[in-house]
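The values are calculated or read from the model by the stated rules, or taken from the named source; none is laboratory data. For clarity, every value in this text was computed on a predicted model and none was experimentally measured. Positions of Cβ are backbone-derived with ideal geometry, glycine not excepted, and every protein chain shown enters the neighbour counts. Ligands, DNA and RNA are excluded from the accessible area calculation, which covers all protein heavy atoms including side chains. Shrake-Rupley method; radii C 1.70, N 1.55, O 1.52, S 1.80 Å.
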Amino acid sequence: MKFGVVQFPGSNCDFDTFHVLRNVMKRETALLWHKDHDLQGVDCVVLPGGFSYGDYLRSGAIARFSPLMQEVKAFARAGGHVLGICNGFQILLELGLLPGAMIRNKNLKFLCQHVRIRIENEKTDFTRAGRKGQVLRIPIAHFDGNYYAPARVLKDIERHRQVVFRYCDAEGNITEEANVNGSLGNIAGIRNREGNVLGLMPHPERASEALLGSEDGRTIFASLILSLERRKPARRPVRRERARHD
Amino acid sequence: MIDKKTLDQHGLTEDEYGLIVGMIGREPNLTELGIFSVMWSEHCGYKSSRVHLKKLPTEGKHVVQGPGENAGILDIGDGQVIVFKIESHNHPSFIEPYQGAATGVGGILRDIFTMGARPIAVLDSLRFGPPDDPKNRSVMEGVVSGIAGYGNSIGVPTVGGEVYFNPCYDLNPLVNVFCLGLADKDKIFYAKAEGAGNKVLYVGAKTGRDGIHGATMASAEFGKETEHKRPNVQVGDPFKEKLLLEACLEVMDRGRIVGIQQMGAAGLTCSTTEMAAKGGMGIVVDLDKVPQREAGMTPYEILLSESQERMLIVASPEKVAAVQEVFAKWDLDAPVIGEVVEGGRARISFKGEVVVDIPVDAVVNLCPAYNRPSRAPAVLPNPADLPPLPLPGDYADVFLKLLASPTIADKEWVFRQYDHMVQVNTAFLPGADAALLRIKGSKKALAVSLDGNSLYTRLDPKTGARIAVAEACRNLVCVGARPVGVTNCLNFGNPEKPEVMWQFEQAVDGMAEACRAFGIPVTGGNVSFYNDTEGLSIHPTPVLGIVGILDDIRKAVRPGFKATGDAVVLLGENMEELGGSEYIRIVHNLEAGAPPAMDLEREKRLQEFLLEAMGAGLVRSAHDLAEGGLSVALAECAFHGARKTGCEVDLTDTFRPDALLFGETQSRIVVTCRPANLGRFLKMAAAGGVPAKSIGRTGGRDIAVRQQGRELFRVPVEKAYRAWKDALPNFFKVRT
């Protein structure tokens with residue numbers, strides 16, 4: 001299968017995500033330029049973290065108007081898989097592909113730290129390599145990660161099992177203390193009702209190599225590979241250029 | 001006509017004015033005077049420091065570029081180089097903490113990518129007044145969020161650094177930012193304008209009226225009217241800089257340019273004249289072509305503006321379009337504003353008229369250097385100054401108090417506001433002895449440590465500076481890296497005060513001695529004088545930034561205890577030294593005595609031995625002893641361990657217990673090894689001439705220290721951890 005990582009002006013996890021998908025997960029990966037209209041035949045679009053357009057308006061509010069995002073929207077509507085990480089999640093919210101919005105962290109500070117998230121729904125294309133209730137240790141790095149949605153919407157996404165990850169403690173308990181940014185319902189990641197679009201605030205690409213302290217993030221990428229390669233004949237994995245990682 | 005008052009406003013003396021007139025063969029006009037004023041300021045011209053900085057060793061087998069460029073460059077093998085430097089942004093950060101610190105980050109990042117390197121890490125060394133004062137807290141909050149706001153957005157991780165608190169920084173905080181970049185050896189770029197007929201392009205943000213005379217401001221003391229200087233501080237735009245970074249690296253990668261320079265202090269003036277002078281050429285610039293943010297700017301303002309996120313590029317005429325195409329991709333304009341010419345003069349026109357016509361050499365290279373008078377202070381601190389100190393009644397109490405002292409306490413409150421993981425290279429999270437970054441595609445890793453204890457340098461600038469070098473190296477060695485190069489940021493008071501000049505000389509001497517002893521070259525740095533507010537100077541604060549290389553990242557060693565039952569070994573010798581310690585400052589309210597002694601040969605043996613023992617796979621954890629001495633080091637080893645394992649330690653030294661527990665004797669490291677390896681380890685140490693003593697075992701839930709069998713204290717790890725962990729956040733809790 002082939003991944004595509006979108007580059008917006010101000011994206012700063014584009015190369016990280018590219019590195020992990022290509023050199024760690026060993027799948028063909030393309031960089032997609034925001035001004036283009038070409039999705040280069042990818043099977044999954046990844047919107048990486050960063051500060052698209054400086055986040056000078058609301059996070060993600062400008063990036064959603066990029067020419068490429070019109071293609072991504074059509075791709076998602078047609079059932080294509082889209083993963084939004086951090087700023088990418090914020091863009092998906094702004095684009096309306098996922099419900100809700102992000103507000104400032106409850107302590108009004110940027111937060112960069114390892115957190116734990118619990119897999120709430122293991123029957124998604126983004127989590128099938130994991131177990132229900134499995135606790136993943138993955139870092140966050142954001143200022144606006146405090147998930148908000150009106151009560152009616154919240155009820156709706158809970159009913160349709162759209163909450164995929166919640167902040168939890170080491171034992172998997174959903175606690176107030178574990179909810180570092182103040183998200184409603186400890187929500188760390190949600191999917192759309194159709195199940196082909198997922199957004200999450202933690203950065204799985206930062207937890208994909210043992211050298212960096214955790215490999216739990218691979219569960220998400222591995223799930224996507226499992227889901228998408230099952231569906232179509234596998235492409236040949238890309239040749240490793242050099243030993244790009246340990 | 002230039003009068004005395006105009007000269008004063010420009011920070012130039014009458015003698016200097018005489019020199020200028022002699023060099024250009026006539027009286028300068030006001031615009032030209034402005035140019036000389038910034039280029040000959042202390043900040044740009046290093047006029048008080050140059051004669052002393054020559055003493056620092058700058059040669060070494062890995063050195064590709066020493067001092068004099070935007071940053072130093074070292075060869076790390078495999079066709080790669082590292083580019084690094086540290087810079088101060090003290091004055092702006094006091095006037096406007098957020099923007100002052102943010103633009104400090106922006107400036108140093110440009111220094112690095114100007115040379116063709118991608119910035120891979122930022123570290124910062126911060127000094128504030130004590131956090132119990134709300135004014136200091138607000139400065140600190142502003143500085144930390146400014147660093148975060150800029151670094152997080154542009155996507156360069158802030159991976160470590162240090163924060164010290166002392167009342168001497170109440171009105172003069174220090175913000176020193178270090179940046180490390182990685183480049184291919186065959187793609188290094190310099191700030192050179194070569195080749196007559198080549199075009200000069202301006203890229204990045206438009207020029208506004210912000211930051212005019214910033215460099216001159218950084219070259220004078222602050223008084224009560226500093227608030228009026230707020231317009232001198234620039235405003236940062238990390239998004240613009242991110243575009244600039246990517247676009248510049250792209251044009252460089254494609255080999256489309258001849259030379260490049262960032263517009264930092266003294267903006268357009270500095271970049272144009274410096275590039276011309278380095279290329280041995282002249283330059284013509286048409287100011288009407290310079291993108292301007294506001295109407296009605298005078299040539300004086302355009303030339304001296306310090307608007308951020310701007311670069312100057314020299315490209316051959318046939319490649320101009322190709323350069324502009326790359327910048328257009330990143331939504332940036334790159335207009336041609338001038339040309340490289342023969343003749344060594346900067347000729348600048350505005351509305352069809354030549355407004356500046358001066359020799360670039362005079363501006364860039366002929367700034368006078370002063371050997372300013374220096375004098376040792378009348379009363380020198382010495383060991384006799386330390387009055388007899390009563391022994392504390394409760395050592396556990398002192399231990400907890402030290403752990404909670406802001407300088408020693410955990411700094412997570414600071415670093416969790418920084419994105420320290422972006423670029424996925426951060427192998428050690430902030431808080432370890434040194435920051436550790438892997439190099440993708442290689443087994444190698446880079447380690448960085450910043451260090452500088454200004455209490456020591458105040459009491460004895462020479463010894464303090466030697467300690468700063470030794471300790472930064474020791475930090476690197478503790479993670480398993482070999483130190484390879486140094487950059488320094490020298491923060492001092494007003495150099496026109498002979499006592500300050502004496503401190504400076506002494507510190508540079510100490511640094512030079514230590515760098516020679518360790519065989520590590522100084523590849524650049526920054527001097528920040530005039531850290532005086534209302535007549536009071538800060539403690540002399542040299543900050544050392546040292547970079548090390550680890551050949552195999554899998555061999556990196558962490559500070560935390562690994563397991564229960566390991567042998568705790570103390571390398572080095574305990575001595576009865578209390579002078580300059582955090583303990584006497586916190587408990588006895590004294591900044592006195594002589595700082596701990598520094599024997600460079602002993603230190604070198606210690607570091608060589610530790611690297612050897614690590615290479616032999618005998619070391620499970622290593623942590624250096626610093627502020628708070630042995631007891632604090634043991635606690636930190638416990639805190640950094642995965643399971644917060646405690647330890648039981650018994651010491652045989654016979655001197656006073658407080659010096660044993662909290663004294664800051666140098667050249668000591670706490671190491672743990674498997675019991676089975678202990679014998680071999682101790683034998684190896686003996687062979688290396690390094691004192692090593694097995695002092696106890698890891699394990700249990702307490703940190704307990706005995707002296708000759710008598711228990712000095714026993715504190716649960718969890719209790720100590722909370723004291724250390726909660727201290728800083730408690731200052732910032734919202735009070736009702």
Residues being more than 15 Å from B:G236 (Cα to Cα) and more than 15 Å from the chain's Cα centre (by Cα) - total across the stretch B:96-118:
6
Can you find even one residue in the stretch A:217-229 that is within 14 Å of another protein chain (Cβ to nearest Cβ), under 16 Å from the mean Cα position of the chain (by Cα), modelled with pLDDT of 95 or more and open to solvent by 10 Å² or more (accessible area, probe 1.4 Å)?
yes
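If I filter the stretch A:49-70 down to residues being in a helix (DSSP H, G or I) and in contact with a Gly (Cβ under 7 Å, 6 or more places away or on another chain), which single residue comes out as farthest from A:D38 (Cα to Cα)?
The qualifying residue farthest from A:D38 (Cα to Cα) is A:G54.
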Of the conditions (1) part of a loop (DSSP other than H, G, I, E, B); (2) open to solvent by less than 20 Å² (accessible area, probe 1.4 Å); (3) modelled with pLDDT of 95 or more, B:Q423 clears all except one; give me its number.
(2)
Checking the structure you have, find out if any residue of the stretch B:185-193 is assigned to a strand (DSSP E or B) and surrounded by 24 or more Cβ atoms within 10 Å (Cβ to Cβ).
no
Restricting attention to the stretch B:431-467, report how many residues are surrounded by fewer than 22 Cβ atoms within 10 Å (Cβ to Cβ) and under 19 Å from B:V144 (Cα atoms).
1
Go through (1) closer than 15 Å to B:A633 by Cα; (2) open to solvent by 10 Å² or more (accessible area, probe 1.4 Å); (3) in contact with an Asp or Glu (Cβ under 9 Å, 6 or more places away or on another chain); (4) more than 14 Å from every other protein chain (Cβ to nearest Cβ) for B:K401 and report which single condition fails.
(3)
Scan the stretch B:420-477 residue by residue and report those that are within 22 Å of B:R602 (Cβ to Cβ) and of a type in the set (V, I, T).
B:T457, B:T463, B:I467, B:V469, B:V477
So, in the stretch A:74-110, of the ones that are more than 16 Å from the chain's Cα centre (by Cα) and outside any loop (DSSP other than H, G, I, E, B), which residue ends up farthest from the other protein chains (Cβ to nearest Cβ)?
A:R77
Among the residues of the stretch A:33-44 satisfying the criterion of being out of contact with any Leu (no Cβ under 6 Å at 6 or more places or on another chain) and assigned to a loop (DSSP other than H, G, I, E, B), which is nearest to the other protein chains (Cβ to nearest Cβ)?
A:K35
Within the stretch B:53-76, tally of residues that are over 22 Å from B:K192 (Cβ atoms), open to solvent by less than 40 Å² (accessible area, probe 1.4 Å) and at pLDDT below 95:
1
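Residue by residue, here is whether (1) in a helix (DSSP H, G or I); (2) away from chain B (no Cβ under 11 Å) holds:
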position: A:F18; (1), (2): yes, no
position: A:R22; (1), (2): yes, yes
position: A:L31; (1), (2): no, yes
position: A:V46; (1), (2): no, yes
position: A:V72; (1), (2): yes, yes
position: A:C112; (1), (2): no, no
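When residues of the stretch B:232-260 are filtered for being part of a strand (DSSP E or B) and either within 14 Å of chain A (Cβ to nearest Cβ) or crowded, with 24+ Cβ neighbours inside 10 Å (or both), how many remain?
Residues flagged as part of a strand (DSSP E or B) and either within 14 Å of chain A (Cβ to nearest Cβ) or crowded, with 24+ Cβ neighbours inside 10 Å (or both) within the stretch B:232-260 amount to 1.
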Select from the stretch A:114-148 the residues that are among the small types (G, A, S), surrounded by fewer than 24 Cβ atoms within 10 Å (Cβ to Cβ) and closer than 18 Å to A:Q162 by Cβ and write down the one among them that is nearest to the other protein chains (Cβ to nearest Cβ).
A:G130
A:R58 meets each of (1) within 9 Å of chain B (Cβ to nearest Cβ); (2) under 21 Å from A:I140 (Cα atoms); (3) open to solvent by 50 Å² or more (accessible area, probe 1.4 Å) with one exception, condition (1)
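Residues are listed down the side, and each one gets a yes or a no for (1) over 27 Å from A:L111 (Cβ atoms); (2) in contact with a Pro (Cβ under 6 Å, 6 or more places away or on another chain):
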position	(1), (2)
B:K85	yes, no
B:H91	yes, no
B:E96	no, no
B:G106	no, no
B:D111	yes, no
B:I120	no, no
B:P131	no, yes
B:R137	no, yes
B:P173	no, no
Among the candidates B:A723, B:A626, B:A727, which residue alone is outside any strand (DSSP E or B), open to solvent by 10 Å² or more (accessible area, probe 1.4 Å) and in contact with a Pro (Cβ under 9 Å, 6 or more places away or on another chain)?
B:A727
Only one residue in A:L111, A:L39, A:L32, A:L92 is in contact (Cβ under 8 Å) with a residue 60 or more places away in the chain, closer than 28 Å to A:R230 by Cα and open to solvent by less than 30 Å² (accessible area, probe 1.4 Å), so which one is that?
A:L92
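Can you tell me which residue in the stretch B:388-435 is nearest to the chain's Cα centre (by Cα), limited to those that are among the polar types (S, T, N, Q) and under 18 Å from B:V163 (Cα atoms)?
Among residues in the stretch B:388-435 that are among the polar types (S, T, N, Q) and under 18 Å from B:V163 (Cα atoms), the one nearest to the chain's Cα centre (by Cα) is B:T407.
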Within the stretch B:522-535, restricting attention to residues that are of a type outside the set (D, E, K, R) and over 16 Å from the mean Cα position of the chain (by Cα), which residue is nearest to B:V547 (Cα to Cα)?
B:Y530
Selection from the stretch B:629-648 of residues open to solvent by less than 10 Å² (accessible area, probe 1.4 Å), part of a helix (DSSP H, G or I) and in contact with a Lys or Arg (Cβ under 7 Å, 6 or more places away or on another chain) yields B:A638
Check the stretch B:331-353 and report whether any residue there is within 14 Å of another protein chain (Cβ to nearest Cβ) and surrounded by fewer than 22 Cβ atoms within 10 Å (Cβ to Cβ).
yes
